[in-house]
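What follows draws every value from the coordinates through simple rules; no lab data is involved. Since the model is a prediction, treat every value here as computed from it, not as a measurement. Every residue, glycine as well, gets a Cβ built from its backbone with ideal geometry; the counts of neighbours run over all protein chains shown.
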Amino acid sequence: MALIDILGFGATGWGGLLLVAALMTLAVTAVALVIGAVFGALVASAKLSSSRTFRMLGGTYTTVFRGVPELLIIYLVYFGGSGAVTAVGAWLGYEGFLGMPSFAAGALAVGIISGAYQAEVYRSAFLSISKGELEAAHAIGMGRGLRFRRIIAPQVMRFAIPGIGNVWQLSLKDSALVSVTGLADLMRTSQVAAGSTREYFIFYIAGGCLYLILTSFSDRIFITAEKRANRSMPSGIGQA
């Protein structure tokens with residue numbers, strides 16, 4: 001079978017399925033990034049807290065989820081979540097095993113991992129804010145909420161964009177591990193196509209090329225976002 005037929009969009013081609021799988025990979029990564037942003041913001045706040053207990057909890061979170069293998073976390077979330085869903089089903093009178101949806105398990109697991117890295121990004125971004133600005137805002141009577149909206153949040157996001165871009169790329173690659181739950185993402189679809197056609201080299205190369213396209217396109221988006229965020233700053237400030 002010709003290469004164009006194997007990777008094409010015809011009746012025997014896998015091109016359409018690979019593109020759908022690439023979109024699934026993007027969806028998992030996007031949801032995981034949002035979940036990670038929530039966890040990351042909470043953990044960063046804990047690590048910046050004056051409370052020693054909160055700082056220890058935040059430090060424990062980042063240490064554990066940056067130190068434990070990603071695949072192990074995915075297994076724990078998927079099988080642990082399935083056990084929890086089954087227990088709830090039994091409590092409601094349903095008999096039998098209830099599996100946690102692969103998409104939900106994958107996005108949550110990658111999001112938890114992403115949160116550990118995003119926490120450090122947000123913490124570093126906050127520490128990059130000039131203390132003089134915060135002191136001046138306090139001196140003119142700005143409340144905590146107003147300081148957060150007018151000074152802290154905009155500058156944290158500006159300083160955090162490069163780091164969040166790196167976390168996105170990491171999560172995009174980590175999403176390949178979600179294939180172990182059976183989700184038809186890019187990695188899983190490449191494996192199925194390779195096994196069905198015995199063209200392992202072709203489909204793994206095709207999958208790798210699609211990952212490179214996704215990461216390259218994403219990189220350009222974050223570079224553009226960083227430039228727009230720094231357009232009002234003097235040349236060289238806030239730029240890599």
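What to note about this one:
- Among residues of region 1-25 that are touching a residue at least 60 places away in the same chain (Cβ under 8 Å), those with a beta-carbon under 8 Å from a residue that is surrounded by 18 or more Cβ atoms within 10 Å (Cβ to Cβ) and of a type in the set (Lys, Arg) at least six positions away or on a different chain give the pairs Ala21/Arg188.
- Being of a type in the set (Ser, Thr, Tyr) and either under 19 Å from Val31 (Cβ atoms) or touching a residue at least 60 places away in the same chain (Cβ under 8 Å) (or both) holds for only one residue in Thr224, Thr215, and it is Thr215.
- Test: residue in region 174-190 that is free of Cβ contacts under 8 Å to residues at least 60 places away in the same chain, β-branched (Val, Ile, Thr) and surrounded by 13 or more Cβ atoms within 10 Å (Cβ to Cβ): no
- Looking only at residues of region 98-143 that are among the polar types (S, T, N, Q) and surrounded by 14 or more Cβ atoms within 10 Å (Cβ to Cβ), we find that the one that is farthest from the chain's Cα centre (by Cα) is Ser124.
- Residue in region 36-55 that is among the small types (Gly, Ala, Ser) and within 15 Å of Ser175 (Cα to Cα) present: yes
- Residue pairs whose Cβ atoms lie under 9 Å apart, separated by 6 or more positions or on different chains, with the first residue in region 70-96 and in a loop (DSSP other than H, G, I, E, B) and the second surrounded by 14 or more Cβ atoms within 10 Å (Cβ to Cβ) and not acidic (Asp, Glu), are Tyr94/Thr86; Glu95/Gly89; Gly96/Thr86; Gly96/Gly89.
- Residues of region 109-144 that are among the small types (Gly, Ala, Ser) and either touching a residue at least 60 places away in the same chain (Cβ under 8 Å) or closer than 20 Å to Phe65 by Cα (or both): Ala109, Gly111, Ser114, Gly115, Ala116, Ala119, Ser124.
- Scanning region 74-97 for residues that are buried (at least 16 other Cβ atoms within 10 Å of the Cβ) and over 16 Å from Leu183 (Cα atoms) yields Val85, Thr86.
- Filter result for Ser49 (touching a helix residue (DSSP H, G or I) at 6+ places or on another chain (Cβ under 8 Å) and closer than 27 Å to Phe159 by Cα): yes
- Some residue of region 144-153 being among the aromatic types (Phe, Trp, Tyr) and buried (at least 17 other Cβ atoms within 10 Å of the Cβ): no
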